[in-house]
Amino acid sequence: MWSYIIRRLLYNIPVYLGILLLVMLALRVNDPVTAYQGKNATAEQKEQLRKDMGLDRPFLVQYGTFVSRVVTLNFKDRSWEEKRPIGQMIRAAVPPTIMITVPQLFLTASISIVIGLVCSFYRGRLPDKSLMFAAVLGMSISYLVYIMMGQYYGAYVLGGKGITPFEVEGYEPIFSFEPNAPEKASFFMPGNWMKYCALPVLIGVIVGMGYDTRFYRAVMVEECTRDYITTARAKGATNRKIMFVHMLKNAMIPIITRIMISLPFLIAGSILAEYYFNIPGMGRLLINSINSKDFPVVQYVTALFAAVVIFTVILTDVLYAVVDPRVRLS
């Protein structure tokens, strides 16, 4: 297995380097020096700022320096906008993003799999039709509409009356973690999570369930026609055991594929959620950096997202072999 993982990592090195190259080329289409100093700056002022930003060096030198720092996890470059080390900014932004994406991924997959099992078992009957109608209805509405409706009714109307704990402004840390003092113990604060992260997670689960439920239902319906289901019924297995033991175990390959494919879209969705709910995560950091033309931050955040996607693809293949002994990693 380890030889396979190492080989896949080596195969993906050119892909990763190509992503970093494209990002750097795209960011240099327009000159950021003009954006920071305006059109009235003198040539000397522009040249000095270009030197301070490191843009006076040849492009290949900039690219090589960036790649070497990413590979060695040396994120000591400073933000052009905030003048802070980028590593410090990323360490502060990762926990809020994790506290949105991980619960959303777990809840969406778990609920959708259960609904898919129930729909396949009651295929063509009222429970199946009702749940599929709700799923199609949920996926037919834009993510932004859910965000606006959730903010208005969930946080403003009901939150103002004290019915719900949701808030969309004044974010407070979920962990008692200090980026400048990582040696100190960090504690999870569930009250703050309910205030600032529960509503974006709930909206993400509602949106994601529509797509996932339809997929899992199709998978489970196909599994219902397999011979091992007929055999299990002939042996007197209960419906619960057939659904949650036999069918679920044999459907793990498409389930893993779907969960892993959802991860990049989940990250993209977290960008919207963090931006509109004022959560200082990786997505909001990326959007703010793009708006302020803070190219070093954009480069490092994009490099991390690309690494996550590549590791996800490799992990998918490894999980295939873990859940199904017939799959050989070679």
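The values are calculated or read from the model by the stated rules, or taken from the named source; none is laboratory data. Being a predicted model, the structure only gives us computed values, none of them experimental. Backbone-built Cβ (ideal geometry, glycine too); neighbour counts: all protein chains shown. The accessibility values were calculated without ligands, DNA or RNA, using every heavy atom of the protein model including side chains. Shrake-Rupley method; radii C 1.70, N 1.55, O 1.52, S 1.80 Å.
Miscellaneous remarks
- A residue that is among the aromatic types (F, W, Y), assigned to a helix (DSSP H, G or I) and free of Cβ contacts under 8 Å to residues at least 12 places away in the same chain can be found somewhere in region 147-154.
- When restricted to residues that are open to solvent by less than 30 Å² (accessible area, probe 1.4 Å) and among the aliphatic types (A, V, I, L, M), region 74-98 contains 4.
- Flag for Y275 being in contact with a helix residue (DSSP H, G or I) (Cβ under 9 Å, 6 or more places away or on another chain), open to solvent by 20 Å² or more (accessible area, probe 1.4 Å) and within 30 Å of F66 (Cα to Cα): yes
- Scope region 283-297; condition open to solvent by 10 Å² or more (accessible area, probe 1.4 Å) and out of contact with any Pro (no Cβ under 8 Å at 6 or more places or on another chain); matching residues: R284, L285, L286, I287, N288, I290, N291, S292, P296
- Test: E222 is buried (at least 17 other Cβ atoms within 10 Å of the Cβ) and assigned to a helix (DSSP H, G or I): no
- Candidate set: region 48-73, residues that are open to solvent by 40 Å² or more (accessible area, probe 1.4 Å) and under 23 Å from the mean Cα position of the chain (by Cα); chosen: the one nearest to L272 (Cα to Cα): L73
- Scanning region 22-34 for residues that are open to solvent by 60 Å² or more (accessible area, probe 1.4 Å) and either farther than 30 Å from D317 by Cα or touching a helix residue (DSSP H, G or I) at 6+ places or on another chain (Cβ under 7 Å) (or both) returns L25, A26, R28, V29, N30, D31.
- In region 109-135, the residue that is most open to solvent (accessible area, probe 1.4 Å) out of those that are part of a helix (DSSP H, G or I) and of a type in the set (F, W, Y) is F133.
- Looking only at residues of region 38-47 that are assigned to a helix (DSSP H, G or I) and either of a type in the set (D, E, K, R) or touching a Leu at 6+ places or on another chain (Cβ under 6 Å) (or both), we find that the one that is least open to solvent (accessible area, probe 1.4 Å) is K46.
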